[in-house]
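Only one structure is covered here, and it is reproduced in the block below.
The values are calculated or read from the model by the stated rules, or taken from the named source; none is laboratory data. None of the values given here were measured: they were computed from a predicted structure. Neighbour counts run over all protein chains shown; Cβ positions are idealised from the backbone, glycine included.
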Amino acid sequence: MPRSTTVAVVGGGIGGLAAALALLRAGFDVRVYEQSGAVSQVGAGIQLAPNCTRILHRLGVLPAIEKTAFAPTTFDFRRWDDGRLLSRTPLGAGIAATYGAPYLHAHRSDLVAVLADAVGPDRVETGRRCSGVNHDGTGAEVLFADGGTVAADVVVGADGIHSVVREALYGPQQPRFTGHVAYRGLVPADRLATWVWSRAARSGWVRAPTSSTTSSPPGGCTTSCAWWKRTPGPASRGPTPATPMNCAPRSPAGIPPSAASSTRSTVPSNGPCSTGRR
């Protein structure tokens, strides 16, 4: 029996786990190497459009994701100053009927958990920080910060914006700052005005600064928000902590500035937000 092609996926986030699962379904021998001590995902909500959920269906994990995800029925655009409804786009069952797959909102940690479970704990190694990659055209070797190495036929780099795998292929690259900052966090839904948040809608805020609101799964009481503002300065090396007061001047009407938090919670929390310069 011929040997299966071995694949080392560097990075156990959404991209790395999804790639690993797809390769497993195609018959490859895959292992995932994650630098953190556990497979988890920080951040807030994520939108799963039909082109994404269609693939999740093919991978066999969509039913598990739908158990914790939320399917909004409309996409509302509101005026930043007073929350007045400007337009409403139907979603829900109509999206699924048109595109053959649903449009969902989910918390990133829930999506990671489903993908990790499908890949299997025996194929995911944590605490393995990649420090380099050697390749000679016939195979590759992944080097780890703990001194260990792993040989594989194929290496997939899913290790983020500062990818070690990418640098091994193309050399050092510096991120280019576009002039935008995103403030992301979680806001308990019961602390929002009723027209700001609806269990049935995804809201988009128009007029600078721009904001989008992603509803929480059924049974939860948090909403994830993003505020954008054009500002000068260098690009960051990834998400950095921010306090709720950083977001205060940019919060839309009806959102108490002190309500923002980057830590998922089903009770009001005043924890730190995260910010990224892009």
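Here is a list: 54, 78, 58. Which entry is buried (at least 22 other Cβ atoms within 10 Å of the Cβ) and over 26 Å from residue 163 (Cα atoms)? Matching residue, one of 54, 78, 58: 78. Going by the conditions given, is residue 97 exposed (fewer than 14 other Cβ atoms within 10 Å of the Cβ) and either over 16 Å from the mean Cα position of the chain (by Cα) or in contact (Cβ under 8 Å) with a residue 12 or more places away in the chain (or both)? Considered against the rule, which asks whether it is exposed (fewer than 14 other Cβ atoms within 10 Å of the Cβ) and either over 16 Å from the mean Cα position of the chain (by Cα) or in contact (Cβ under 8 Å) with a residue 12 or more places away in the chain (or both), residue 97 comes out as yes.
Scanning the range 148-162 for residues that are assigned to a loop (DSSP other than H, G, I, E, B) and touching a residue at least 60 places away in the same chain (Cβ under 8 Å) yields a count of 6. Could you go through the range 25-40 and let me know if any residue there is hydrophobic (A, V, I, L, M, F, W, C), surrounded by 16 or more Cβ atoms within 10 Å (Cβ to Cβ), under 23 Å from the mean Cα position of the chain (by Cα) and at pLDDT 95 or above. Within the range 25-40, one or more residues are hydrophobic (A, V, I, L, M, F, W, C), surrounded by 16 or more Cβ atoms within 10 Å (Cβ to Cβ), under 23 Å from the mean Cα position of the chain (by Cα) and at pLDDT 95 or above. Checking the stated criteria, residue 114 turns out not to satisfy the condition of being surrounded by 16 or more Cβ atoms within 10 Å (Cβ to Cβ) and touching a Cys at 6+ places or on another chain (Cβ under 7 Å). For the range 135-147, the set of residues classified as in contact (Cβ under 8 Å) with a residue 12 or more places away in the chain and out of contact with any strand residue (DSSP E or B) (no Cβ under 8 Å at 6 or more places or on another chain) consists of 146 only. Take the conditions in contact with a strand residue (DSSP E or B) (Cβ under 9 Å, 6 or more places away or on another chain), part of a strand (DSSP E or B), touching a residue at least 12 places away in the same chain (Cβ under 8 Å) and closer than 18 Å to residue 123 by Cα and apply them to residue 30. Does it pass? When the stated conditions are applied, residue 30 passes them.
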